[in-house]
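Have a look at the structure below, then the notes.
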Amino acid sequence: MSGLVDGFLIAAVVVVVIARQFRAQRIDTERRWWLLPVVLAVVALREPGLIDAHHHTASAALLTAELLIGLATGAAWAWTSRVWTEPDGAVWSKSTKASGLVWLVGIALRVGLYALGTALGVHQESSALLLALAATLLVRAGILAWRAQSPHPASVRGSAYGDAVPRSAWKERV
């Protein structure tokens with residue numbers, strides 16, 4: 001795929017993900033929650049130019065930083081999402097205001113990395129961003145699936161960063 005197609009694919013995935021994150025969504029641990037991130041990673045890894053041929057070290061360092069930011073964003077997003085169980089046993093999640101802040105910080109860090117790469121003269125393909133987005137989605141989905149299956153009381157599952165949790169409630173494992 002061309003960089004333009006990758007750019008549109010990345011923009012479409014980000015818009016869908018951000019638009020859906022603030023609506024309550026049922027967590028179905030039986031479905032293949034890992035499938036979309038794997039498809040995005042395969043598309044990213046198929047493209048040539050993930051590492052700039054003229055700046056191997058700087059390009060690899062930027063890619064590593066991009067992946068670390070993606071992993072951290074996914075984990076922070078999952079832990080700042082509210083998770084709760086309905087009386088029928090269905091587990092739901094919904095992002096909080098802190099989740100929105102996580103996205104803003106992640107985007108700002110990625111823009112900073114792109115600016116740094118440009119200043120260093122490193123040619124950057126959109127496949128690195130696509131790979132980091134796959135890492136973000138994979139980590140978030142994995143943590144939410146794990147949280148949905150945890151044996152903690154339903155009242156505590158709803159806790160997320162910034163939520164008020166009664167002091168007497170069982171503390172969720174971290």
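Read the figures in this text as sums done on the coordinates, not as results from a lab. The structure displayed is predicted, hence computed values, not measured ones. Don't worry about glycine lacking a Cβ; one is built from the backbone with ideal geometry, like all the others, and counts go over all protein chains shown.
Between Arg32 and Trp146, the FRET efficiency estimated from the beta carbon spacing at R0 = 22 angstrom works out to 0.90.
Working from label points 7 Å from Cα in the Cα-to-Cβ sense, the Ala53 to Tyr114 distance is 2.5 nm. Residues in segment 54-64 carry Karplus couplings, in order, of 9, 9, 4, 5, 5, 5, 5, 5, 5, 5, 4 Hz; the curve used is 6.51 cos²θ - 1.76 cosθ + 1.60 with θ = phi - 60°, and Gly or Pro positions show x. Net length available on complete extension from Leu67 to Ala90 is 5.0 nm, with 0.36 nm assigned per residue and the Cα-Cα distance removed.
Each peptide among 38-51, 92-105, 13-26, 126-139 gets the average number of other Cβ atoms lying within 10 Å of its residues, and from highest to lowest they stand as 126-139, 92-105, 38-51, 13-26.
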